[in-house]
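Below: the structure, in C-alpha cells.
The values are calculated or read from the model by the stated rules, or taken from the named source; none is laboratory data. Since the structure is predicted, the reported quantities are computational estimates derived from the model, not experimental observations. Using ideal geometry, Cβ is built from the backbone for each residue, glycine included, and neighbour counts are taken over all protein chains shown. Areas reflect the complete protein model, heavy atoms only, side chains present, ligands, DNA and RNA absent. Shrake-Rupley method; radii C 1.70, N 1.55, O 1.52, S 1.80 Å.
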Amino acid sequence: MQEKGPDNVDLESIVKALNLKVRSGDDKLKTKVRGGYAGDLLSDVMGNSKEGNIWVTRQVHQNIVAVASLKDHAGIVLVQGAEPAPDTLEKAAKEGIPIMVSDMSGFEVIGKIYNLLNKEN
Amino acid sequence: MDDKPLYEGSFAVIGGNFDHAGEVSSGIKAILKRMGLSSDVIRKVSLVAYESEINIVSYARKGMIRLRVVPDSVMIETIDEGPGIPDIDLALQPGYSTATDKIREMGFGAGMGLCNIKSFSDIFHISSEIGKGTCLRMIIKTNHRS
C-alpha cells in the first residue's frame, strides 16, 4: 500500500467514509492523501513511507508525531480503539499533525483506505 | 569551494529522554527548509538525523549532532558518550539490535536504524570505541538535483 491514488481524496473524505474520530488537526482535513503506509516499527515507517501518505499504526506515544512530521505525512490513524497519549496530542497540536482514531482493526482500516484511494484508478 | 559553510551548528541530545526524541531532527529539517534545499535532500537529511538522534537517546548518556551545509552537500555528524559498538559489522546487519524491551515497545530497536542511515546517505562513516562512544558521519550530496 504505497503512493498513487486519485488526487481528490483528502483526509475529510476518509474520515467520513470510515467514521473516524478526529483527535487533532481538525483544521487540516482538506489535506490531500497520496497513498498510505502501515506499520508500528518507526524505522520501517521512516525508511519506507512517503510524503503525503496516511499512516496507520497502533503506536500512541508522542514519537509518532515526530515521524509523521519529518516524513510530511498527511495524517495518522490509530486503530483498534487506541487513543493518543496526552503528550502525543499536545505535540500533534503544536506540529499541526492530524490524528484520527478508529475502533476497527488495522486490517479493516487499511483495506477501506486502500479501496478509497484506488477506486478511481 | 567546500570550505565556507552556508550553515554550521551543533545540537545536544540527552540519552534516555524519549519525550524530546526527534526535536533536534525537526529543528534541522526546519533550518534546511528555510535555506531552500530541495525536498529530496531535506527528506534524506531528516531521516539520517532522526535515526541518529534515536540511537543517541536509546543507547548513549548524551551526544551531539552537528549539521554542516556547504554548497554541494549536507553533513550530519554525531558524537556520543556511550557504551560503544563492539562489532560494527554486526550492528550494520538488518534486524540486529541490542535494544531493551522498553525501547522495542515504542517501535524502536528493530535493527533498521543504522541500515536506514547508510542507505539514505551518499557517504557513511562509523567509528566506535568500547566504553567511550560512537561517531557517525554522513554526507548527503545536494548537487544532483532531480
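Brief remarks follow.
- Scan of segment A:31-42 for residues that are within 12 Å of chain B (Cβ to nearest Cβ) and either at pLDDT below 95 or open to solvent by 10 Å² or more (accessible area, probe 1.4 Å) (or both), ordered by number: A:G39, A:D40, A:L41
- Contact map, segment B:89-112: residues that are within 11 Å of chain A (Cβ to nearest Cβ) and closer than 22 Å to B:S128 by Cα paired with residues that are hydrophobic (A, V, I, L, M, F, W, C) and outside any loop (DSSP other than H, G, I, E, B), Cβ distance under 7 Å, separation 6+ or inter-chain. Pairs shown: B:P94/B:C115; B:F108/A:L42; B:F108/B:I54; B:G109/B:I103.
- Among the candidates A:K21, A:K28, A:K71, the residue that is in contact (Cβ under 8 Å) with a residue 12 or more places away in the chain, in contact with a strand residue (DSSP E or B) (Cβ under 9 Å, 6 or more places away or on another chain) and surrounded by fewer than 16 Cβ atoms within 10 Å (Cβ to Cβ) is uniquely A:K21.
- Candidates A:E12, A:E90 - the one that is open to solvent by 20 Å² or more (accessible area, probe 1.4 Å), more than 12 Å from the chain's Cα centre (by Cα) and either over 22 Å from B:S52 (Cα atoms) or touching a residue at least 40 places away in the same chain (Cβ under 8 Å) (or both): A:E90
- Among the residues of segment A:86-103, the ones that are within 14 Å of chain B (Cβ to nearest Cβ) and either of a type in the set (D, E) or not in a helix (DSSP H, G or I) (or both) come to 5 in all.
- Here A:E83, A:E95 are screened, and the one residue that is under 22 Å from B:S26 (Cα atoms), open to solvent by 30 Å² or more (accessible area, probe 1.4 Å) and touching a residue at least 12 places away in the same chain (Cβ under 8 Å) is A:E95.
- Total residues in segment B:27-42, condition without any contact (Cβ under 8 Å) to a residue 12 or more places away in the chain and within 24 Å of B:F108 (Cα to Cα): 1
- Residue ID - nearest to the other protein chains (Cβ to nearest Cβ), chosen from residues in segment A:50-68 that are out of contact with any helix residue (DSSP H, G or I) (no Cβ under 7 Å at 6 or more places or on another chain) and surrounded by 23 or more Cβ atoms within 10 Å (Cβ to Cβ): A:Q59
- Residue, surrounded by the most Cβ atoms within 10 Å (Cβ to Cβ), within segment B:73-119, restricted to residues that are over 15 Å from the mean Cα position of the chain (by Cα) and of a type in the set (V, I, T): B:I85
- Residue within segment B:74-84 that is modelled with pLDDT of 95 or more, within 14 Å of chain A (Cβ to nearest Cβ) and under 28 Å from A:H61 (Cα atoms) present: yes
- Qualifying positions in segment B:1-25 - open to solvent by 30 Å² or more (accessible area, probe 1.4 Å) and within 11 Å of another protein chain (Cβ to nearest Cβ): B:D19, B:H20, B:E23
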